[in-house]
1. For the stretch 28-69: of the residues being more than 16 Å from the ligand (Cβ to nearest atom) and of a type in the set (D, E), which is modelled with the lowest pLDDT?
2. Pull up the stretch 1-11, narrow it to residues that are more than 18 Å from V65 (Cα to Cα) and open to solvent by 90 Å² or more (accessible area, probe 1.4 Å), then point me to the one that is farthest from the chain's Cα centre (by Cα).
3. Limited to the stretch 12-23, what total is found for residues that are open to solvent by less than 30 Å² (accessible area, probe 1.4 Å), hydrophobic (A, V, I, L, M, F, W, C) and in contact with a strand residue (DSSP E or B) (Cβ under 7 Å, 6 or more places away or on another chain)?
4. Taking the residues in the stretch 24-45 that are over 14 Å from K6 (Cα atoms) and either in contact with a Leu (Cβ under 8 Å, 6 or more places away or on another chain) or part of a loop (DSSP other than H, G, I, E, B) (or both) as candidates, determine which candidate is least open to solvent (accessible area, probe 1.4 Å).
5. Of everything in the stretch 1-16, what is within 14 Å of the ligand (Cβ to nearest atom), touching a residue at least 12 places away in the same chain (Cβ under 8 Å) and either within 10 Å of H41 (Cβ to Cβ) or in a loop (DSSP other than H, G, I, E, B) (or both)? Give them in sequence order.
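The values are calculated or read from the model by the stated rules, or taken from the named source; none is laboratory data. From a predicted model like this one, the values you see are computed outputs, not experimental measurements. So basically every Cβ, Gly included, is an ideal-geometry build from the backbone, and we count neighbours across all protein chains shown. Surface accessibility is based on the protein's heavy atoms, side chains included, excluding ligands, DNA and RNA. Shrake-Rupley method; radii C 1.70, N 1.55, O 1.52, S 1.80 Å.
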Amino acid sequence: MQSPIKLDRSSTGVVIVCAECPWWSAFRFTQEDAWAVAIRHEEDHHPERFEQRNAARQRDYTARVALATRR
Ligand SMILES: [Zn+2]
């Protein structure tokens, strides 16, 4: 299942928006932080999507964030 969250890179950082939550958006200076914000939003507001997502994709997604946030 596709996440409703989109990450928009700009020259100054990354804007995180959610197609299902027009009232919500966030900004982070790095892609790594943006991923972490996106995952937290999904866990908090779209837990059903988070669980339904294909297992391999989910592993990849969380592994990427784990790697990114460890730096
Ligand atoms: Zn949302």
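1. D60
2. Of the residues in the stretch 1-11, the ones more than 18 Å from V65 (Cα to Cα) are 1, 10-11.
Keeping just the survivors that are open to solvent by 90 Å² or more (accessible area, probe 1.4 Å) gives 1, 11.
Details: M1: 14, S11: 19 Å.
Of everything passing the filter in the stretch 1-11, S11 is farthest from the chain's Cα centre (by Cα).
3. At the first step, the residues of the stretch 12-23 found to be open to solvent by less than 30 Å² (accessible area, probe 1.4 Å) are 13-14, 16, 18, 21.
Still in the list and also hydrophobic (A, V, I, L, M, F, W, C): 14, 16, 18, 21.
Still in the list and also in contact with a strand residue (DSSP E or B) (Cβ under 7 Å, 6 or more places away or on another chain): 14, 16, 18.
Selection size over the stretch 12-23: 3.
4. The selected residue is T30.
5. M1, S3, P4, I5, I16, listed by residue number.
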